[in-house]
Every structure is written in structure tokens, then in C-alpha cells.
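Engineer: What follows is a structure written as C-alpha cells; I'll ask about it next.
Laboratory data are not the source of any read-out in this text; all were calculated from the coordinates shown. These numbers were taken from a predicted model, which means no experiment stands behind them. All Cβ positions, even for glycine, are placed from backbone atoms using ideal geometry, and neighbour counts span all protein chains on display.
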Amino acid sequence: MDSNMKLPIALVVAMGAQLAGGVWWVSQQAATIESLEEAVSQFASKMAVEDSVNLKRDVLENMDYIDGAFAEIEELWEETESLTKTIGAITALQQRMALMENSLKFMNRDHMDMLDPRD
């Protein structure tokens, strides 16, 4: 083999240009990846803050909702107690009316013969 291999200058220039282009392309990709990593990091921290704010807002809304529900439950218990008393009073009145109706029925039966003109 000949130790003095001759390469055309155009081939050497083309390979050098390709090598320079490859290095330039790789450095551009590295810069793009680095900027994307920074953007993702910023978005992640922004999302963490937003999640925290949203969570606090949701907790406060749920606390208000639960407080309202407890107030309504308390109102319903008071109404139930009142309704129970009213039903008890109505039942007592119905018992008294039933006694009065029975008394009237016996009184009418006892006095029917006095009103009957056939006797």
C-alpha cells in the first residue's frame, strides 16, 4: 500500500463540512432540549402553585357547603321535634273526640226510646 494516499480536496472539504454541520446540529438540539427542560420546570412549579391555590379554594367551598348542610340538618331536627309534638297533640284530640263520639252514641241509644212516639 502506498503510504501517501491522495484524497481529493473536495472530499476532505465535504467531510469537514458534514462534521461541522453535525456538531452544529447536535449543539442546537442540546440547546433546544435545555430550553424545553427549563420551560417544563417553570410549568411544573406554576402548576404546583395553581394546584395548591385550587385545593385551598375547593376546601373552603366544601367547608361552606358542609356548614350549610349541618345548619339544614339542625333545622330539620327542630322541625321534626315540632312535628312530633303536633302529631302527639292531634292524637290526643282524636282520642278525646272518639270518647265524645262514644258518649254521644250511648246517650242517643239510652234516650232513643224517649223520643220514639210509638211507645
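Engineer: Out of (1) under 44 Å from the mean Cα position of the chain (by Cα); (2) of a type in the set (A, V, I, L, M); (3) exposed (fewer than 10 other Cβ atoms within 10 Å of the Cβ), what's the single condition that is false for Ala10?
Structural biologist: (1)
Engineer: Would region 47-58 turn up any residue that is over 43 Å from the mean Cα position of the chain (by Cα) and of a type in the set (Gly, Ala, Ser)?
Structural biologist: There is no residue in region 47-58 that is over 43 Å from the mean Cα position of the chain (by Cα) and of a type in the set (Gly, Ala, Ser).
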